[in-house]
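Visitor: This is the structure I have questions about; it appears just below.
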Amino acid sequence: MIIKSFFFIMIISLLSPIQGITDEQGKPWSSLSLQEQQTLQKIQKRWDQLPAEDQLKLRKGAKRWAAMNPEQQLRAKQQLKRWQQMPKEKRILMRKRFQRFQSLPPEKRREIQNRREWFKALPTDRRLDLRQRWQQMSPAKRQQLRHKWINSSPQQRAKPFTMRQPKQLSPDHP
């Protein structure tokens, strides 16, 4: 019995590095699940030439896709189409922004996500008004507001961002 256990452990330890090599080389198309193959069928011919890292990302994406309901899939298709129609320079800029966002500490990312959700929850006319005012600001004024927000306390940042509205004068005001 001890000898059988020893051989079993030896075989497992010998096979482990082989498994690592297989993962570094990627997985052959035939080893994918039927669901993965259906989702990734458009790249079947190129699959074996893809780096293992890209294959893994695609497989994870296929798994996420399978978990989406039809409405989520439609939204994802629309976003992909928008991405593909975007000029290359803008896609590069978006990737850099995303990478910069990913490099932020989790609490900063949460704050930004909360701020974005707050903004999205505003009525459309208010969002358009804030966006227009932001675009009309000078770059120096924008930077000043960013700096003020970054250097504020978490409690201050938790408050909704408002841009001062000009005072409304009453009709009987001279």
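Visitor: In nm, to one decimal, how far is the Ser30 label point from the Ser138 one, both placed 7 Å along Cα→Cβ?
Guide: 6.9 nm
Visitor: Next question. Grab the Cα-Cα distance for Arg91 and Arg146, subtract it from 0.36 nm times how many residues apart they are, and report the gain in nm with one decimal.
Guide: 17.5 nm
Visitor: Using each residue's phi in region 49-62, evaluate 6.51 cos²θ - 1.76 cosθ + 1.60 at θ = phi - 60° and report the 3J(HN,Hα) Karplus result to the nearest Hz, with x for Gly and Pro.
Guide: Here the 3J(HN,Hα) series is 8, 6, x, 4, 4, 5, 4, 4, 4, 5, 5, 5, x, 4 Hz.
Visitor: Binning at 5 angstrom from zero up to the longest distance, how are the C-alpha pair distances of region 42-91 distributed in percent?
Guide: Bin by bin from 0 Å, the calculated values are 4, 17, 17, 19, 24, 16, 1.
Visitor: How many lysine pairs does region 28-95 hold where the Cα atoms are under 18 Å apart and the two sit 8 or more places apart or on different chains?
Guide: Summing the qualifying lysine pairs gives 10.
Computed from the coordinates by the stated procedures, all read-outs in this text should not be read as laboratory data. Owing to the predicted nature of the structure, the values given are computational and were not obtained by experimental measurement. FYI the Cβ positions are ideal-geometry reconstructions off the backbone, even for glycines, and counts take in every protein chain you see.
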